[in-house]
Amino acid sequence: MEAVLFSLTLVSLFFLNGHCALASGLLFCLVLTLRAGKRARPGASGFSAVFILSLCSVLLQTTASCGFAREDIRAVYVRVEQDSVSGLWSSRRLTASLLECFSHSAEASSARGMINVTYPEGSSLYAGDLVLFYGSFNSYGFASTEYRIVARGSGNSARRSLLEKLTEALTKEGGEEAELSLMLILGIGGTGQSPLVELARKSGTSHVLALSGMHLSLFSMIFKLVFSPVLGSRKARLLSLGLIAVYVFLIGPKPSILRAFILSSVFFSAPFLRPEQALYITFLIQSLIFPHTVSSLASVYSYLSLAGIMWLSPLLQEHLDRLVLLPRPAAVSLCSSAAAILFSSPLSWLVFGSYQLSALIFSSPVSLLVCLYMIISLVPPASVLKTPVLALIRFLMRLGAAFPEAETPLAWLVLLSIVLLVIAISSKLASCGR
């Protein structure tokens with residue numbers, strides 16, 4: 001119940017529906033507190049109070065408010081919150097916090113909230129940069145025709161220099177192989193103009209290409225394998241976290257990466273927590289430190305999928321094991337994919353009007369190939385393997401995309417019914433066995 005209410009809170013936050021977000025958030029906190037044991041209840045109550053305050057803060061900080069009517073605004077002064085990325089039609093886009101607005105009559109007014117900005121292709125802008133954009137508001141956000149960088153954010157000069165060197169190293173071979181390396185290692189690229197990105201979207205495997213916890217887990221595993229023999233397990237994990245923190249600073253505050261890093265830190269600091277408890281604490285920390293990231297589509301997708309995997313997947317796997325003898329890797333993969341799809345597909349349908357269930361079959365093999373591709377990208381002598389591995393990724397995505405996308409909730413309801421039926425039959429058999 002609490003996982004469903006938590007998910008409803010996230011979806012409401014994405015749509016900036018304050019009333020629904022606060023109502024579902026309050027119910028989530030109520031259920032969480034009532035389910036806590038007698039000793040844990042004071043802690044649960046304290047968490048609930050901070051959780052509601054953080055929700056209010058996020059809603060206040062993300063809802064845009066200007067001193068003038070939008071049609072009267074000719075310029076906005078902003079702080080960039082997420083690095084700019086390439087957009088459509090030779091433009092770049094970013095998310096920024098409003099600081100000041102200027103009208104056509106040269107009047108100035110303070111402003112607050114988050115806006116999306118598109119600007120002509122040119123300099124890359126990084127989180128923390130202060131920029132003055134000239135243009136006008138449209139249905140997407142603020143469309144800038146020209147801009148002026150007022151100040152660069154702290155550390156951005158070093159970031160830009162390092163990113164340029166790494167980009168040069170990863171793109172020596174050129175072509176789609178270089179594009180995928182940049183996407184997976186540095187989170188650069190991946191616009192809708194890319195055929196591979198469009199194929200991933202149609203096959204329901206877009207999450208595999210977006211930098212997320214899977215990618216950080218791979219880096220963490222490599223670091224621990226290298227340092228554990230020398231430093232021991234715990235010190236190697238601590239060093240791994242430090243190196244990943246440097247990596248997160250380098251690639252910028254991307255919502256899913258922040259979530260993955262904070263969750264890893266919570267698990268390291270409090271290994272006694274249940275997975276779902278660690279996830280709730282992670283959301284609270286991210287909403288307090290990086291409030292502009294938690295209501296983004298990438299962040300909400302990330303939390304929804306993990307909520308399903310942490311809450312529903314173990315339950316489903318336990319009951320499935322009673323009915324069908326599947327190899328453990330296959331059972332884990334199937335249950336995790338089903339749980340993630342059940343929790344995230346409603347948002348896909350609300351935002352895009354469709355969702356793809358073929359990810360049940362193809363998400364795991366594509367993920368394995370993407371991890372292999374990342375390792376190959378980091379080992380120059382193995383670069384000759386990039387082309388065949390990319391061909392396999394593309395082949396599996398095409399198979400997934402061959403399945404029709406669901407455009408109504410019916411397919412989701414069928415999947416939900418199958419999951420509930422598996423749990424009901426398994427429970428019945430278990431009770432008869434007693």
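Residue count for segment 349-405 satisfying the condition of being of a type outside the set (A, V, I, L, M, F, W, C) and either outside the structural domain of Glu176 (by TED's automatic domain parsing) or without any contact (Cβ under 8 Å) to a residue 60 or more places away in the chain (or both): 8.
For segment 319-347, a residue qualifies if it is among the small types (Gly, Ala, Ser), over 30 Å from Thr387 (Cβ atoms) and free of Cβ contacts under 8 Å to residues at least 24 places away in the same chain, and exactly one does: Ala331. Taken residue by residue, segment 70-85 has at least one member that is among the small types (Gly, Ala, Ser) and assigned by TED's automatic domain parsing to the domain that holds Tyr147. Applying the criterion of being of a type in the set (Ser, Thr, Tyr) and without any contact (Cβ under 8 Å) to a residue 12 or more places away in the chain to the residues of segment 409-434, the residue that is surrounded by the fewest Cβ atoms within 10 Å (Cβ to Cβ) is Ser431.
Every residue, every condition in (1) assigned by TED's automatic domain parsing to the domain that holds Ser337; (2) out of contact with any Gly (no Cβ under 6 Å at 6 or more places or on another chain); (3) closer than 18 Å to Ser181 by Cα, yes or no:
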{"position": "Val208", "(1), (2), (3)": "yes, yes, yes"}
{"position": "Gly213", "(1), (2), (3)": "yes, yes, yes"}
{"position": "Ser217", "(1), (2), (3)": "yes, yes, yes"}
{"position": "Phe223", "(1), (2), (3)": "yes, yes, no"}
{"position": "Gly232", "(1), (2), (3)": "yes, yes, no"}
{"position": "Leu239", "(1), (2), (3)": "yes, yes, no"}
{"position": "Ile251", "(1), (2), (3)": "yes, no, yes"}
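Total residues in segment 192-216 satisfying the condition of being touching a residue at least 60 places away in the same chain (Cβ under 8 Å), in contact with a helix residue (DSSP H, G or I) (Cβ under 8 Å, 6 or more places away or on another chain) and of a type outside the set (Gly, Ala, Ser): the figure is 9.
Which one of these is closer than 22 Å to Ser57 by Cβ and in contact with a Lys or Arg (Cβ under 8 Å, 6 or more places away or on another chain): Gly113, Gly128?
None of the other options fit; the residue is Gly128.
Restricting attention to segment 16-25, the residues that are surrounded by fewer than 22 Cβ atoms within 10 Å (Cβ to Cβ) and in contact (Cβ under 8 Å) with a residue 12 or more places away in the chain add up to 4. Here Glu176, Glu146 are screened, and the one residue that is more than 25 Å from Val58 (Cα to Cα), surrounded by fewer than 18 Cβ atoms within 10 Å (Cβ to Cβ) and touching a residue at least 60 places away in the same chain (Cβ under 8 Å) is Glu176.
State whether one or more residues within segment 45-68 are over 20 Å from Ala127 (Cα atoms) and in a strand (DSSP E or B). Yes. When the strands (runs of 3 or more DSSP E) confined to segment 97-164 are screened for residues that are in contact with a helix residue (DSSP H, G or I) (Cβ under 6 Å, 6 or more places away or on another chain), those reaching at least 1 such residues are found at 114-120, 130-137.
Each row is one residue, and each column tells you yes or no for (1) within 25 Å of Lys428 (Cβ to Cβ); (2) touching a Lys or Arg at 6+ places or on another chain (Cβ under 9 Å).
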{"site": "Ser299", "(1), (2)": "no, yes"}
{"site": "Ser302", "(1), (2)": "no, yes"}
{"site": "Ala307", "(1), (2)": "no, no"}
{"site": "Trp311", "(1), (2)": "yes, no"}
{"site": "Leu315", "(1), (2)": "yes, no"}
{"site": "Arg322", "(1), (2)": "yes, no"}
{"site": "Leu325", "(1), (2)": "yes, no"}
{"site": "Pro329", "(1), (2)": "no, no"}
{"site": "Leu334", "(1), (2)": "yes, no"}
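The values are calculated or read from the model by the stated rules, or taken from the named source; none is laboratory data. Since the model is a prediction, treat every value here as computed from it, not as a measurement. A quick note on method: Cβ atoms are made from the backbone with ideal geometry, for glycine too, and the neighbour counts reach across all protein chains shown.
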